[in-house]
Amino acid sequence: DAGVTQSPTHLIKTRGQQVTLRCSPKSGHDTVSWYQQALGQGPQFIFQYYEEEERQRGNFPDRFSGHQFPNYSSELNVNALLLGDSALYLCASSSIGLAGLNNEQFFGPGTRLTVL
Amino acid sequence: RKEVEQDPGPFNVPEGATVAFNCTYSNSASQSFFWYRQDCRKEPKLLMSVYSSGNEDGRFTAQLNRASQYISLLIRDSKLSDSATYLCVVNPRSQGNLIFGKGTKLSVKP
């Protein structure tokens, strides 16, 4: 049973460029959440996708956008990159139970983005 | 006040020691609580969920005190392999956004 996978593992971009990160959730999971983890900090919630729609969003600007596909995989897009966007981007998968509540989230290995 | 606060450490302990981490959270309506472990430059991995009645998994014991809004993790008989950063995590209203503390770094020495 494959766990959460993310691609690419590393990425180097320059300021102003755009980037797309990809995530495939664990088998049986239907929900994908994205987090940004800066060095020395805990992960910060960006947004969550369920049924191909953004279910909840954290305090991130509109430059951060996402998408979920019918097979539950997801993309995170960041436009107009800033130096401060350099971080580890983590994808977490989970399933929404019958009560609409979020179960435990399992993380992928992350994509390390460096903006020069 | 930060939403989830932890002592960043580092905690440097010898093998075999017992070590305890505490964490406080600000949102009294929070419903789910977790401890994650994160090794250097790796993803967080779920260590255990935390229940009001307290729960134990081998050498690890987690406690939740809703009245005081704090969560604890106790590690008994520390192993070298326990060296990692331990993240206290709160999920308000069981919605999407896990809220992480900054983590407590543990280093277990021979």
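Select, from A:36, A:41, the only residue that is in contact with a Lys or Arg (Cβ under 8 Å, 6 or more places away or on another chain), surrounded by 13 or more Cβ atoms within 10 Å (Cβ to Cβ), on the phi < 0 side of the Ramachandran plot and of a type in the set (S, T, N, Q). Answer to the check: A:41.
Residue pairs whose Cβ atoms lie under 9 Å apart, separated by 6 or more positions or on different chains, with the first residue in region A:50-77 and at positive phi and the second among the hydrophobic types (A, V, I, L, M, F, W, C) and assigned to a strand (DSSP E or B), are A:51/A:96; A:72/A:32. The lone criterion from (1) within 14 Å of another protein chain (Cβ to nearest Cβ); (2) within 15 Å of residue A:110 (Cα to Cα) left unmet by residue A:53 is number (2).
Residue A:84 - would you say it is closer than 24 Å to residue B:50 by Cα, away from chain B (no Cβ under 12 Å) and exposed (fewer than 15 other Cβ atoms within 10 Å of the Cβ)? So residue A:84 fails the test.
Results for (1) in contact with a Gly (Cβ under 8 Å, 6 or more places away or on another chain); (2) in a loop (DSSP other than H, G, I, E, B); (3) under 22 Å from residue B:89 (Cα atoms), shown as yes or no for each residue.
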| site | (1), (2), (3) |
| --- | --- |
| A:12 | no, no, no |
| A:46 | yes, no, yes |
| A:56 | yes, no, yes |
| A:81 | yes, yes, no |
| A:104 | no, yes, yes |
| A:114 | no, no, no |
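Given the criterion part of a loop (DSSP other than H, G, I, E, B), within 12 Å of chain B (Cβ to nearest Cβ) and of a type outside the set (Lys, Arg), identify the matching residue among A:40, A:16, A:28. Criteria check complete, one pass: A:40.
Among the residues of region B:38-86, those that are buried (at least 17 other Cβ atoms within 10 Å of the Cβ), within 14 Å of chain A (Cβ to nearest Cβ) and in contact with a Pro (Cβ under 8 Å, 6 or more places away or on another chain) comprise B:38, B:43, B:44.
Residues considered: B:28, B:32. Of these, the only one that is small (Gly, Ala, Ser), within 25 Å of residue A:4 (Cα to Cα) and modelled with pLDDT under 95 is B:32.
Taking the conditions (1) surrounded by fewer than 17 Cβ atoms within 10 Å (Cβ to Cβ); (2) out of contact with any Ser or Thr (no Cβ under 6 Å at 6 or more places or on another chain) in turn, residue B:3 satisfies each one other than (2). The selection criterion, being at pLDDT 95 or above, more than 27 Å from residue B:5 (Cβ to Cβ) and either buried (at least 19 other Cβ atoms within 10 Å of the Cβ) or away from chain B (no Cβ under 12 Å) (or both), holds for residue A:65.
The values are calculated or read from the model by the stated rules, or taken from the named source; none is laboratory data. Every value quoted in this text rests on a predicted model; they were computed, and no experiment measured them. Every residue, glycine among them, receives a Cβ derived from its backbone with ideal geometry; neighbour counts consider all protein chains shown.
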